[in-house]
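A short write-up of the structure that comes next.
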């Protein structure tokens with residue numbers, strides 16, 4: 001998790017166990033987003049609160065090296081200090097005059113100023129878009145209801161699991177998302193809980209993954225994420 005180091009200051013990396021890092025789902029962008037990596041032109045391919053993947057043609061630092069990633073979010077510029085995890089050839093050169101395209105995985109080490117929150121807002125934006133597309137392609141309330149999550153303030157959560165067609169509720173201090181349901185703030189209203197459960201039941205596998213992604217964003221940080229209410 002990335003935690004604030006003071007107003008106007010940088011955000012410092014907080015040690016997160018490897019098994020916890022796997023919880024943070026990665027969002028694949030519908031269209032690559034223009035970025036700059038230490039002066040090299042690149043495009044964001046996917047992103048999460050723990051790291052990003054970029055496509056590029058010019059060389060980046062090798063694995064273990066550091067770089068600064070800059071790009072525009074929905075609420076302003078985002079600047080991230082990252083460590084290069086790996087680089088691989090995504091598309092080899094097919095002619096003598098063509099350059100290969102590389103994909104590099106970058107781990108976020110520090111988020112400058114308010115970039116941590118701006119990154120979460122950007123991830124939320126892309127999840128919202130995907131949910132809206134699902135609503136446009138189906139009748140009823142499939143997963144578009146998931147944009148009504150309360151932000152995860154405090155340490156009390158409600159885990160909802162769909163078992164044999166019935167919902168089991170468990171109050172917990174663990175915000176981890178179950179595979180057969182989702183975990184939300186314990187302060188979530190009953191109306192929204194019912195809507196979310198119905199949305200989860202109606203959704204396909206991709207829709208359920210999106211619901212868990214939004215729940216994860218809403219519960220993984222104290223100040224949560226900005227949300228918008230479902231409007232039929």
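Bear in mind these aren't lab numbers, they're just calculated from the coordinates by the rules spelled out. For clarity, every value in this text was computed on a predicted model and none was experimentally measured. Because the Cβ atoms are built from the backbone with ideal geometry, glycine has one as well, and the counts that use them run over all protein chains shown.
Could you give the length gained on full extension between residue 161 and residue 75, defined as 0.36 nm per residue of separation minus the Cα-Cα distance, in nm? Mind dumping the intermediate values first?
Values: separation 86, 0.36 × 86 = 30.96 nm, distance 3.40 nm.
The span from residue 161 to residue 75 would gain 27.6 nm if fully extended.
For all pairs of alpha-carbon atoms in segment 47-121, what percent lies in each bin of width 5 Å, listed from the first bin to the last filled one?
Bins of 5 Å from zero give 3, 16, 25, 20, 15, 11, 6, 3, 1 percent of pairs.
What spacing in nm lies between the two simple spin-label points modelled at residue 66 and residue 107, each 7 Å away from Cα in the Cβ direction?
My value for the distance between the label points is 1.4 nm.
What list do you get for 179, 86, 56 if you sort them by fewest beta carbons within 10 Å?
Values: 179 9, 86 12, 56 19.
Result, fewest neighbours first: 179, 86, 56.
Please work out the C-alpha center-to-center distance from segment 161-186 to segment 25-73 and express it in whole Å.
Taking the Cα centre of segment 25-73 as reference, the centre of segment 161-186 is 33 Å away.
Tell me, 195, 214, 88 in order of fewest to most beta-carbon neighbours within 10 Å?
Numbers: 195 17, 214 27, 88 8.
Going from sparsest to densest Cβ surroundings: 88, 195, 214.
Can you sort 166, 159 from fewest to most other Cβ atoms within 10 Å of each residue's own Cβ? Please report the intermediate quantities before stating the final value.
Values: 166 7, 159 19.
Neighbour counts put them in this order, fewest first: 166, 159.
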